[in-house]
1. Charges at C-beta only: +1 for Lys and Arg, -1 for Asp and Glu. How large is the resulting dipole of the chain about its Cα centre, in Debye rounded to 20?
2. Computed from these coordinates, which is Kirkwood radius over Cα pairs in Å: (i) 14.9; (ii) 17.1; (iii) 13.2?
3. Residue by residue through the range 87-95, what is 3J(HN,Hα) from phi via Karplus (6.51 cos²θ - 1.76 cosθ + 1.60, θ = phi - 60°)? Round to whole Hz and write x for glycine and proline.
4. Step through the table entries 34/86; 4/47; 4/34; 4/56; 45/71, compare each Cα-Cα distance with 20 Å, and write down the pairs that go over it.
5. Hey, what's the chain come to in accessible area per residue, 1.4 Å probe, Å²?
6. Write down the percent of antiparallel bridges among all DSSP beta bridges whose residues are both part of the chain, to the nearest 5.
7. So what is the 222 nm mean residue ellipticity for the chain from helices alone, if each DSSP H run of at least 4 adds -39500 (n - 2.57) and you divide by all residues, rounding to the nearest 500 deg cm²/dmol?
8. Show 46, 78 ordered by accessible area, largest first, where the area counts protein heavy atoms only and the probe is 1.4 Å.
Amino acid sequence: MKAKDLLTAIQVDSTGKMKKLSSYTYVFINDGEKQTNHLSVKVEKDKIVLSKQPDKVLTLNQLIIALNEVKEAEIFVDKELVFGYKLIKQGIVLG
């Protein structure tokens with residue numbers, strides 16, 4: 001998934017009735033049977049890489065800043081390409 005596509009999708013979903021972008025606080029990935037938001041984000045030339053980071057929590061605002069830096073970049077969780085997302089009560093799950 002490209003950064004610009006996720007930015008657009010987040011904006012579209014957040015404009016739905018009863019949904020506000022500001023209510024989505026954290027970014028999660030699937031970690032086995034659970035989800036984790038203990039992540040770091042690294043912006044490279046042509047990709048954005050999310051990695052597990054036990055001592056950090058990744059917010060949606062931090063991710064949006066990274067997405068805006070390189071809108072044409074693909075998004076990865078470690079070495080796996082992100083194909084989609086799901087909005088949940090606490091934030092967004094990338095997968």
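The values are calculated or read from the model by the stated rules, or taken from the named source; none is laboratory data. This one's a predicted model, so the numbers in the text were calculated from it and none came from an experiment. Quick reminder, even Gly has a Cβ in these numbers, built from the backbone with ideal geometry, and neighbours come from all protein chains shown. When the accessible area is computed, the model is the full protein with side chains, heavy atoms only, and any ligands, DNA or RNA have been set aside. Shrake-Rupley method; radii C 1.70, N 1.55, O 1.52, S 1.80 Å.
1. With Lys and Arg at +1 and Asp and Glu at -1, about 340 debye.
2. It is the one labelled (iii).
3. Per residue, the Karplus-derived 3J(HN,Hα) values read 8, 10, 3, 8, x, 10, 10, 9, x Hz.
4. 4/34; 4/56
5. 64
6. 65
7. It lands at -7000 deg cm²/dmol.
8. Numbers: 46 105, 78 75 Å².
Sorted by accessible area, descending: 46, 78.
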